[in-house]
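Here's the structure we're looking at; comments come further down.
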Amino acid sequence: MDETSQPIELLLSVSRAGSRTLGTQIEDQLRRAIREGALRPDARVPSTRDLAGQLGVSRRVVVDAYAQLAAEGYLSLRQGARPRVSGATGLASVASPPAMPPAGTATAPRARFDFRPSVPDVSTFPRAAWLRSLRTALATVTDADLGYGDPRGVEALRSALADYLGRVRGVVADPEHIIITNGYTQGLGLVCHALARAGAKRIALEDPSNPDDGLVAARAGLDPVPIGVDEAGTRVDELEQADADAVVLTPAHQHPTGAVLTGERRTALLAWLRDRDAIAIEDDYDAEYRYDRAAVGALQGLDPDRVVYAGSVSKTLAPALRIGWLVVPPALAQAVSHEKLLADRGTARIEQHAFADFLTRGELDRHLRRMRARYRARRDALVQALTEALPETSVRGVAAGLHVTVQLLDSDNEQTIREEAGHRRIELETMSDFRPNAAGRPPALVLGYAQMSEPAIRTGVHELALAVQAARVRA
Ligand SMILES: Cc1ncc(COP(=O)(O)O)c(C=O)c1O
């Protein structure tokens, strides 16, 4: 028997006498052994089958306990590999004593339950497929390809994206008018700068929306103006009064409420764009994740001369790649390309070749098919757990995306709940994080479900309900 297949003994015991479940006893003992250093970073722990056998408990109990400890950062679980204690970096915040941080840096303890809404499950990043595309890119780029090149990006990628976006989102894209960016955030900045140079003054932003959008627009010299959102999406009727030259919106899945911009509102928006000679910037952030509702095509397909389409791989693959794109109306293309040149002379080109290869081999489609099934199961676990643990709240925005919103009681206080959640090391965001002025608005939580296994989601919601109760007692 080789070293890796040897069963490992571990000094644990469980008792059926007390009130604590078998799983909790296993979790507590392992947590303590790791915290106190009896189990060191990277140490192997028994397989779930072995430990279940050693303790005489069902394997399910050990599987759930390990999943919980992995969600808390104590264990590292990878398919096909032996379970291990997390490496030294992963454990920095859960093992004691903590190392002193370099001066000026803050160390937040690692979350036990990470419900932050804007991060996908990067543990499933298709490393082998990406590596293959990177190798192909390195093996095939010419010496000329290693120069600065066109600031709009590599032609092969612009062309592959035009096909992909046309096929899956109904975007009307000529590769000539596509600009590869370092993610959506940069793309928005480039368009805002180009609009400001052309004389635009005010830009309408959804309220609620991603708070960085307002900061990016203001840096470009535009004045951000909030417009409302309801169940039918952006309040297009407020645009007239906003006196704006452009509008940023998330029509397929309003961020963060999850509303879809209705057909009627789309028609009204397009009429406003024409009458006002204005530009819409469509953030198609997480349109790829749709579970139980019909596909909603991109707004850009309805008026490519007035709508800038913006997207990135941050939610489909990983934010770390820093790859995004703009599909720009022909009249704006030259100005935005010039902004890209001045910003950084273009996005990293070897990665662009790799992404072109990845797209044309169908790897993104394959990855998304796999992830949709996984996220749907997590979404179901979250919605069910919330319905059971917090029945007085209402869960919304469940049909698509990677997060839901939880409408609290009017008497609830987001800040107190956030504090109580923080004491339990639960990371979450609340609706006021997405509003320029949240005073007097109904309280709500914004909970992402992409990063946790179903057992961790269930335990996390249970703990969250305790945090909500504790906050109510404090009120
Ligand atoms: C609604 C929305 N759009 C876009 C982005 C940013 O994407 P990128 O990483 O491509 O800059 C975020 C980031 O959290 C977001 O919340």
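The values are calculated or read from the model by the stated rules, or taken from the named source; none is laboratory data. The structure displayed is predicted, hence computed values, not measured ones. Glycine gets a Cβ as well: all are built from the backbone with ideal geometry, and neighbour counts include every protein chain shown.
In the range 150-159, what count of residues is obtained for those that are closer than 14 Å to Glu351 by Cα and either surrounded by fewer than 19 Cβ atoms within 10 Å (Cβ to Cβ) or hydrophobic (A, V, I, L, M, F, W, C) (or both)?
The number of residues fulfilling the criteria is 4.
Looking only at residues that are of a type in the set (Gly, Ala, Ser) and surrounded by 20 or more Cβ atoms within 10 Å (Cβ to Cβ) in the range 255-277, which one is nearest to the ligand (Cβ to nearest atom)?
Only one residue fits best here, namely Gly258.
Those residues that are within 19 Å of Gly80 (Cα to Cα) and assigned to a loop (DSSP other than H, G, I, E, B), I need them from the range 13-60; list them, please.
Asp42, Ala43, Val45, Pro46, Ser47
Which ones in the range 450-475 are in contact (Cβ under 8 Å) with a residue 12 or more places away in the chain and of a type in the set (Val, Ile, Thr)?
Ile457, Thr459, Val461, Val468
When residues of the range 239-254 are filtered for being at negative phi, in a loop (DSSP other than H, G, I, E, B), away from the ligand (no atom under 16 Å from the Cβ) and not small (Gly, Ala, Ser), how many remain?
Residues in the range 239-254 being at negative phi, in a loop (DSSP other than H, G, I, E, B), away from the ligand (no atom under 16 Å from the Cβ) and not small (Gly, Ala, Ser): 1 in total.
Just one of the numbered conditions (1) touching a residue at least 60 places away in the same chain (Cβ under 8 Å); (2) buried (at least 20 other Cβ atoms within 10 Å of the Cβ) is not true of Glu176; which one?
The number of the failed condition is (2).
Sort through Arg167, Arg132 and tell me the only one that's part of a helix (DSSP H, G or I), surrounded by fewer than 16 Cβ atoms within 10 Å (Cβ to Cβ) and of a type in the set (D, E, K, R).
Of Arg167, Arg132, the one residue that is part of a helix (DSSP H, G or I), surrounded by fewer than 16 Cβ atoms within 10 Å (Cβ to Cβ) and of a type in the set (D, E, K, R) is Arg167.
May I ask you to list pairs of residues, at least six apart or on different chains, whose Cβ atoms are under 7 Å apart, with the first in the range 44-67 being farther than 16 Å from Thr24 by Cβ and the second being of a type in the set (S, T, N, Q) and part of a helix (DSSP H, G or I)?
Close Cβ pairs (under 7 Å, with a partner that is of a type in the set (S, T, N, Q) and part of a helix (DSSP H, G or I)) amount to Pro46/Gln54; Arg59/Thr48.
Yes/no matrix, rows are residues, columns are (1) over 17 Å from the mean Cα position of the chain (by Cα); (2) more than 28 Å from Thr142 (Cα to Cα); (3) at pLDDT 95 or above:
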residue	(1), (2), (3)
Leu317	no, no, yes
Ser337	yes, no, yes
Arg345	yes, no, yes
Ile350	yes, no, yes
Leu359	yes, no, yes
Leu364	no, no, yes
Met371	no, yes, yes
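Gln79 is checked against (1) at pLDDT 85 or above; (2) closer than 23 Å to Arg372 by Cβ; (3) not charged (D, E, K, R) and fails just one. What number does that condition carry?
(1)
Before we move on, is Tyr309 of a type in the set (Ser, Thr, Tyr) and crowded, with 22+ Cβ neighbours inside 10 Å?
yes
Which one of these is assigned by TED's automatic domain parsing to the domain that holds Val296, crowded, with 21+ Cβ neighbours inside 10 Å, under 28 Å from Ile323 (Cα atoms) and out of contact with any helix residue (DSSP H, G or I) (no Cβ under 6 Å at 6 or more places or on another chain): Ala244, Ala252, Ala196?
Testing whether each residue is assigned by TED's automatic domain parsing to the domain that holds Val296, crowded, with 21+ Cβ neighbours inside 10 Å, under 28 Å from Ile323 (Cα atoms) and out of contact with any helix residue (DSSP H, G or I) (no Cβ under 6 Å at 6 or more places or on another chain) leaves just Ala252.
Just a yes or no: is a residue in the range 467-475 in a loop (DSSP other than H, G, I, E, B) and of a type in the set (Lys, Arg)?
No: the range 467-475 contains no residue that is in a loop (DSSP other than H, G, I, E, B) and of a type in the set (Lys, Arg).
If we scan the range 283-299, do we find a residue that is farther than 29 Å from Leu445 by Cβ, surrounded by fewer than 20 Cβ atoms within 10 Å (Cβ to Cβ) and out of contact with any helix residue (DSSP H, G or I) (no Cβ under 9 Å at 6 or more places or on another chain)?
Checked the range 283-299: no residue is farther than 29 Å from Leu445 by Cβ, surrounded by fewer than 20 Cβ atoms within 10 Å (Cβ to Cβ) and out of contact with any helix residue (DSSP H, G or I) (no Cβ under 9 Å at 6 or more places or on another chain).
State the number of residues belonging to the range 418-433 that are buried (at least 22 other Cβ atoms within 10 Å of the Cβ) and closer than 26 Å to Gly214 by Cα.
2
Out of Val229, Val236, report the one residue that is in contact (Cβ under 8 Å) with a residue 24 or more places away in the chain, within 16 Å of the ligand (Cβ to nearest atom) and either among the basic types (Lys, Arg) or on the phi < 0 side of the Ramachandran plot (or both).
Unique residue meeting the criteria: Val229.
Does the range 290-303 include one or more residues that are assigned to a strand (DSSP E or B) and either closer than 17 Å to Leu273 by Cβ or near the ligand (Cβ under 9 Å from one of its atoms) (or both)?
Checking the range 290-303: not a single residue is assigned to a strand (DSSP E or B) and either closer than 17 Å to Leu273 by Cβ or near the ligand (Cβ under 9 Å from one of its atoms) (or both).
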